[in-house]
Amino acid sequence: MLHPAGLAGWTATTAVLVTLVGIPASTIVAREAGREDPGFVVIDEVAGQLFALIAVRPDWQHALLSLVLFRLFDIWKPWPIRKLEALPDGTGIMLDDVAAGLLALAMALLIGHFW
């Protein structure tokens, strides 16, 4: 099994790469579809969830906590996440989910500290 520190490094690297690929890809798809944030573009969800998982304990309970927190912040979009959604094209599509993932990560780590 990969050491948790190594797992965090791979997860962070993958999250950044998915985001860097997702910005231009989602821009192209959104323009072709003629929609601002097409629901069938899910690479933003993948990136956000990866960010939410970067440093949580590698067990199903903490992964589930991370997923639930990510979905909560992705749907609720508290400030400043909602502001990021207004960025143009793929940048806005991706970065609001990245921010939701980072907020979920912070909350999961805080909760995990006591749990």
**OP:** Apply 1/(1 + (r/R0)^6) to the Cβ-Cβ distance of LEU110 and VAL42, taking R0 = 41 Å, and write down the FRET efficiency to the nearest 0.05.
**Re:** 0.90
**OP:** Would you mind checking the tilt of helix 43-53 against the longest principal axis of the Cα atoms of the chain, expressed as 0 to 90 degrees and rounded to 10?
**Re:** 20 degrees
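How many percent of Cα pairs in the chain exceed 16 Å?
Working: 3777 of 6555 pairs.
Of all Cα-Cα pairs in the chain, 58 percent lie more than 16 Å apart.
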Original post:
Going out from 0 in 10 Å bins, what whole percent of all Cα-Cα distances in segment 7-71 drops into each bin?
Top reply: 22, 43, 26, 9, 0
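Loop-only check: which chymotrypsin sites (Phe, Trp or Tyr not before Pro) in segment 32-75 are DSSP coil with at most 10 other Cβ within 10 angstrom?
Details: sites: PHE40, PHE51, TRP60, PHE70, PHE73; in loops: PHE40.
Passing both the DSSP loop test and the Cβ count: PHE40.
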Subject >> Highest-fluctuation residue, ALA12, ALA86, ALA104 considered, GNM on the chain with Cα pairs under 10 Å >> reply: ALA86
Subject >> Rounded to 10°, Cα long-axis angle of helix 89-114 versus longest principal axis of the chain >> reply: 20 degrees
**OP:** Would you tally the net charge around GLU45, using a Cβ to Cβ cut-off of less than 15 Å, leaving GLU45 out, and scoring K and R as +1, D and E as -1?
**Re:** -4
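Suppose all protein chains stay in the model; what accessible area per residue would a 1.4 Å probe give for the chain, in Å²? The partial results should precede the final answer.
Details: 6740 Å² over 115 residues.
Ligands and nucleic acids excluded, the result is 59 Å² per residue.
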**OP:** Report, in degrees rounded to the nearest 10, the 0 to 90 angle that the Cα long axis of helix 60-76 makes with the longest principal axis of the chain.
**Re:** 30 degrees
**OP:** Would you mind counting up the charge near ALA100? Only other residues with Cβ under 9 Å from its Cβ, with Lys and Arg at +1 and Asp and Glu at -1.
**Re:** -1
Original post:
Normalised by the number of residues in the chain, what is the relative contact order in percent for Cα pairs under 8 Å and 6+ residues apart?
Top reply: 34 percent
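The values are calculated or read from the model by the stated rules, or taken from the named source; none is laboratory data. Source: prediction; values computed, not measured. Methodologically, a virtual Cβ is constructed for each residue, glycine included, from the backbone with ideal geometry; neighbour enumeration extends over all protein chains shown. The area values use the complete protein model at the heavy-atom level, side chains included, leaving out ligands, DNA and RNA. Shrake-Rupley method; radii C 1.70, N 1.55, O 1.52, S 1.80 Å.
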